[in-house]
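Here is the structure we will look at, set down as structure tokens.
The values are calculated or read from the model by the stated rules, or taken from the named source; none is laboratory data. These figures come from a predicted structure and were not determined experimentally. Ideal geometry is used to build each Cβ from the backbone, glycine not excepted, and the neighbour counts take in all protein chains shown.
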Amino acid sequence: MIRSRMLAAPLAIITLALSLAACGSESSAPEDSSGGGSSDAGWTPITVEHALGTTTIEEQPERVATVDYANQEVPLALGIVPVGMSKMTWGDDDGDGIQPWVEDKLEELDAETPVLFDETDGYDFEAVAATEPDLILAGYSGMTEEDYATLSEIAPVVAYPDAPWATPWRESIKINATALGKEEEGEQLVADLEQTIADAVAEHPDLEGANGMFMTHVDPTDLSEINFYSAADTRTKFFEDLGMAIAPSIVEASGDGGDFAGSISTERADELSDVDVVVTYGGQELIDALNGDPVLSQLPAVKNDAIVNLDGAKPIGTAANPTALSLPYLIEDYVALLADAVAGSAGK
């Protein structure tokens, strides 16, 4: 996922937004279910180290805001409704900015929809400030140091642990849960999701050992380069959770830089001959272009029609990048698609 980030908003704007929000907040603050929980006299300050610094949460969060993709799902899974969260445009099938598994969880918690932050052109700092958060979660994100500094003027911020857009689902859950003072609950959530994965994979033993590649951002009208999510990306790493392997050619082409995406010249396409299954967001247009290219059409995965196309306009589009609530919602369908691709590859 690649997003542009607008320049940090002036502190004066944020201060104004906070001041305006405070004017009417004393008598209209949300109930506990709308942010975190009532104060706990036994709260022990929590310090979280992440790639952009060290954040200490001195008091139990009561108004939690989340930014970027899917961070809202961790507090929700743990029974906490954020006061504000990112508006989702990926995998949202009805255009309301909320993915179906989040809608289900909000209904289960009998909660109103939080404020939705439109991050199309970067973080909406004023909107975040207006929700008066006392904690901002971004364990899976791509924020810059400037973004982090600006958001930190609003409330303590927990950013990604290592690199932008490279936090695997387990670590995303753990770092966000830890910041909420729910480290043990986060560990249990991870264990439950691991069992959900194991149950789904057990139905498709043919996935074991199949080499996967995630092809992305490819222009069907210019196939001179093949772009892919690297071995460091969460979508590629998820292959290993499913008993598959990241194709050795992708590991080699990814290098040691830790970037979440890479590319390879089509002139070197034969290096991808070890790829059994290609996953892509490219749609039928890309599949037709691959089949029509004299070089790429000879790749085993293309020749065998072992391509899984994920439609980003539908919930299944998010399946390759699992999150706290989406994983149980989508895992069976995603594994079935991969298994069909592997079967096609093996049968030809």
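So the values come out like this:
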quantity	calculated
Residues (touching a Leu at 6+ places or on another chain (Cβ under 8 Å) and either among the polar types (S, T, N, Q) or modelled with pLDDT of 95 or more (or both)) located in segment 251-269	Thr266
Count of residues meeting criterion [part of a loop (DSSP other than H, G, I, E, B) and closer than 22 Å to Gly317 by Cα] in segment 98-121	6
Contacts under 6 angstrom Cβ, first residue in segment 82-97 being at positive phi and touching a residue at least 40 places away in the same chain (Cβ under 8 Å), partner of a type in the set (Val, Ile, Thr) and buried (at least 24 other Cβ atoms within 10 Å of the Cβ), 6 or more apart	Gly91/Thr318
Lone unmet requirement of (1) in contact with an Asp or Glu (Cβ under 7 Å, 6 or more places away or on another chain); (2) closer than 14 Å to Thr216 by Cβ; (3) buried (at least 19 other Cβ atoms within 10 Å of the Cβ) for Thr323	(2)
Failed criterion for Asp94 (all others in (1) modelled with pLDDT of 95 or more; (2) over 17 Å from the mean Cα position of the chain (by Cα); (3) part of a loop (DSSP other than H, G, I, E, B); (4) not small (Gly, Ala, Ser) hold)	(1)
Residue match in segment 263-276 (condition: more than 19 Å from Ser224 (Cα to Cα), of a type in the set (A, V, I, L, M) and assigned to a strand (DSSP E or B))	no
Condition met for Ile287 (of a type in the set (A, V, I, L, M), more than 30 Å from Asp104 (Cα to Cα) and surrounded by fewer than 19 Cβ atoms within 10 Å (Cβ to Cβ))	yes
Number of the condition not met by Asn321 [criteria: (1) part of a helix (DSSP H, G or I); (2) in contact (Cβ under 8 Å) with a residue 24 or more places away in the chain]	(1)
Filtered residues of segment 154-193 (kept if aromatic (Phe, Trp, Tyr), touching a Leu at 6+ places or on another chain (Cβ under 9 Å) and in a loop (DSSP other than H, G, I, E, B))	Tyr160
Residue under evaluation Ala179, criteria (1) out of contact with any Ser or Thr (no Cβ under 9 Å at 6 or more places or on another chain); (2) of a type in the set (Gly, Ala, Ser); (3) within 26 Å of Ala51 (Cβ to Cβ), criterion not met	(1)
Inter-residue pairs, beta-carbon under 6 Å, first farther than 14 Å from Ile331 by Cβ and in a loop (DSSP other than H, G, I, E, B) and in segment 240-252, second among the hydrophobic types (A, V, I, L, M, F, W, C) and at pLDDT 95 or above, 6+ apart	Ala247/Met213; Ala247/Val275
